[in-house]
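The values are calculated or read from the model by the stated rules, or taken from the named source; none is laboratory data. No experiment lies behind these values; they were computed from the predicted model shown. Every residue, glycine as well, gets a Cβ built from its backbone with ideal geometry; the counts of neighbours run over all protein chains shown.
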Amino acid sequence: MPLGEESASAATFDQLAKDLDNANIMPQNPTDASETSVSDDTATDEESISSVEELTAAVLDSQPRSPPSQADQDKAVKIKDEANKILAKGNYSLAVEFYSQAIELDPEKEVYWANRAQAYIKEEAYGAAIADATKAIKINPNYIKSYYRRALAYTAILRPKDALKDFNTVVQRVPTDKSARAKRDECQKIVRRLVFEAAIEVGEEPSIADSIDYEAMVVEDSYDGARLESKTQKTVNGKFPKLQISLEFIQDMIERFKKGQRLHRKYVLTIIIEALKLFRIEPTMVEVNIEQGLTMSVCGDTHGQFFDLIELFRFNGYPSETHSYLFNGDFVDRGSWSTETALLLFAYKWLYPTTFFLNRGNHEADEMNKVYGFEGECKAKYSEKVFKVFSESFSSMPLATLIGKNYFVLHGGLFSDDKITLEDVRKFDRFRQKQPGQSGLMMEMLWTDPQPQPGRGPSKRGVGLQFGPDVTKRFCEKNGLMAVIRSHEVRMDGYEIEHGGRLITVFSAPNYCDSQGNKGAVINIKSDYELNFQTYDAVPHPDIRPMAYASNLMM
């Protein structure tokens, strides 16, 4: 049955799937579970595959207990119905718990697994969603929702070849569904593009930013915003005009963005390129000390929620020479004011280069931006060139910050190998690897998540891994740290102290995607290096939905 939480297009598909199920129509080419599993010729990396397939194998290998009694079956149906209501209200983690209870009572009902997969998708636990959808397919290869949801999950973790197989199955069995066909066609375009790009790859492309002479661009007299001032700068070749940013310019920029107005393209490119120049000269791990009288505020994901970012500054204080900020990645995607958010943060970086810091997140990456909206937003509001210059700046960002030798701050989390130390991070050449990829040090820094159990395990996301409190303890002791600070995951209170106090998650996008109901948080640190947590609620914003510029595959 269609679930209330799904979009109109998904509901249309689900109704068709229900009709097909009720009619008991067999597929044109019956497919068993082995034929729908991931093949060996996918273009993805082995470590990404192992993370997803490890989860899937664990689910498929689980053995049901004795057949459920009629009472258990009836109870499972009631729990599933309640889970559907909970899911429709947006409480995804609770919905997962309820679906899990239904599965425990009656583990051979494909709808319970497929619905839990949907809840996992909403939680961004895409690896777990793939595992559940695969289990549903094994139970009943004719239940079409399972293929559809697995395709969405594969798309979310940038495995379009695998997604395409499932979309093809859906379109083959429900040929009248326009939404499914449109997703299949877009997925096919992505696969073809990746094949084409791999075929023509001839080494590193020249810098687009370095080819832009923004000083020569003309701002028309009709432009009604503040203007960057040009000051004379002495060089070995003489005196030249040089654009300078001011606090007044940034304040005017904020007001323009609040009104839905845009910056002149000259100023957009200037801000990005000036920030890029600063990123290039910063080390992979920036090291800062908090001097007497200085406050450093550490913020987590903001995800294009510009109005909530302004609220953060309003109640916690705007950046200044004595109020330092560190934003810990994921400035863009999902939220529909990602260009405004990124430009504001980059402008502050230009104005306060030694007290304003940005770490790279997993969403500061090309393929993520193509799927989750930032590329589309750049093209809609400015141009493809603006996106390409942003992309170049993202690939130059530092990956971590060490605060006073006490706190190691990075977007995702810790590593697959206990031998990795801060010195390895210091020495890592981020310029040789522009995109995070599916394995390696950069991927782990941007993608991994904590788990309550000791040791390491596969990631529910389907990318990276999970690490336990013992891993965090050993890393902190080995590197002389008080704690690791990371972001990357929603926390309902905006932050969470985990792993016995040695790991802190901070998340700064309140009511994430207008649906989670969570608070945002910021960590304030003074010269005594004590952590002070402040939380805040989301504020109203113009009526533009999240993911407004995202790929149709994610809608």
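Considering only the range 344-370, state which residues are in a helix (DSSP H, G or I) and over 22 Å from N511 (Cα atoms). Break it down stepwise before answering.
Kept after step one, since they are in a helix (DSSP H, G or I), are these residues of the range 344-370: 344-351, 366-370.
Answer for the range 344-370, where residues must be in a helix (DSSP H, G or I) and over 22 Å from N511 (Cα atoms): F346, A347, Y348, K349, W350, L351, D366, E367, K370.
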### Query
Residues in the range 209-221: is at least one surrounded by 12 or more Cβ atoms within 10 Å (Cβ to Cβ) and touching a strand residue (DSSP E or B) at 6+ places or on another chain (Cβ under 6 Å)?
no
### Query
Just to be sure, is K183 closer than 18 Å to N552 by Cβ and surrounded by fewer than 24 Cβ atoms within 10 Å (Cβ to Cβ)?
no
## Note on the structure
Looking across the range 237-291 at residues that are at pLDDT 95 or above and among the small types (G, A, S), the single one that is nearest to F390 (Cα to Cα) is A275
### Enumeration of residues in the range 281-325 that are closer than 24 Å to S338 by Cα, out of contact with any strand residue (DSSP E or B) (no Cβ under 7 Å at 6 or more places or on another chain) and part of a helix (DSSP H, G or I)
F306, F307, L309, I310, F313, R314
### Query
Scanning for something surrounded by fewer than 24 Cβ atoms within 10 Å (Cβ to Cβ), free of Cβ contacts under 8 Å to residues at least 60 places away in the same chain, under 20 Å from A128 (Cβ atoms) and touching a strand residue (DSSP E or B) at 6+ places or on another chain (Cβ under 9 Å), does the range 471-484 turn up at least one residue?
no
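If we scan the range 194-204, do we find a residue that is at pLDDT below 95, surrounded by 15 or more Cβ atoms within 10 Å (Cβ to Cβ) and farther than 19 Å from L343 by Cα? Break it down into steps so the answer makes sense when it comes.
First, the residues of the range 194-204 that are at pLDDT below 95: 194-204.
Filter once more, keeping what is surrounded by 15 or more Cβ atoms within 10 Å (Cβ to Cβ): 194.
Imposing the further condition that a residue be farther than 19 Å from L343 by Cα reduces the set to 194.
For the range 194-204, residues at pLDDT below 95, surrounded by 15 or more Cβ atoms within 10 Å (Cβ to Cβ) and farther than 19 Å from L343 by Cα: present.
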### Query
Would you call L164 at pLDDT 95 or above, in contact with a helix residue (DSSP H, G or I) (Cβ under 7 Å, 6 or more places away or on another chain) and aliphatic (A, V, I, L, M)?
yes
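Against the definition (at pLDDT 95 or above, surrounded by fewer than 18 Cβ atoms within 10 Å (Cβ to Cβ) and among the charged types (D, E, K, R)), how does K434 come out, yes or no?
Numbers: at pLDDT 95 or above: no; surrounded by fewer than 18 Cβ atoms within 10 Å (Cβ to Cβ): yes; among the charged types (D, E, K, R): yes.
In short, no.
If a residue has to be part of a loop (DSSP other than H, G, I, E, B) and touching a residue at least 40 places away in the same chain (Cβ under 8 Å) to count, how many in the range 92-118 make the cut?
Total meeting the criteria: 2.
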### Message
Can you go through E384, E377, E364, E340 and tell me which one is in the same structural domain as K259 (by TED's automatic domain parsing), without any contact (Cβ under 8 Å) to a residue 60 or more places away in the chain, among the acidic types (D, E) and buried (at least 24 other Cβ atoms within 10 Å of the Cβ)?
### Response
E364
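If we scan the range 114-122, do we find a residue that is closer than 24 Å to P141 by Cβ and among the aromatic types (F, W, Y)?
Yes; the residues of the range 114-122 include at least one that is closer than 24 Å to P141 by Cβ and among the aromatic types (F, W, Y).
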### Message
L158 - would you say it is touching a residue at least 40 places away in the same chain (Cβ under 8 Å) and of a type outside the set (G, A, S)?
### Response
yes
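Every residue in the range 387-399 that is closer than 14 Å to E340 by Cα and touching a residue at least 24 places away in the same chain (Cβ under 8 Å), please.
Going through the range 387-399, the residues closer than 14 Å to E340 by Cα turn out to be 387, 390.
Within the range 387-399, just F390 meets the criteria.
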#### Entry: Count - residues of the range 514-540 that are at pLDDT 95 or above and either assigned to a strand (DSSP E or B) or surrounded by 18 or more Cβ atoms within 10 Å (Cβ to Cβ) (or both)
15
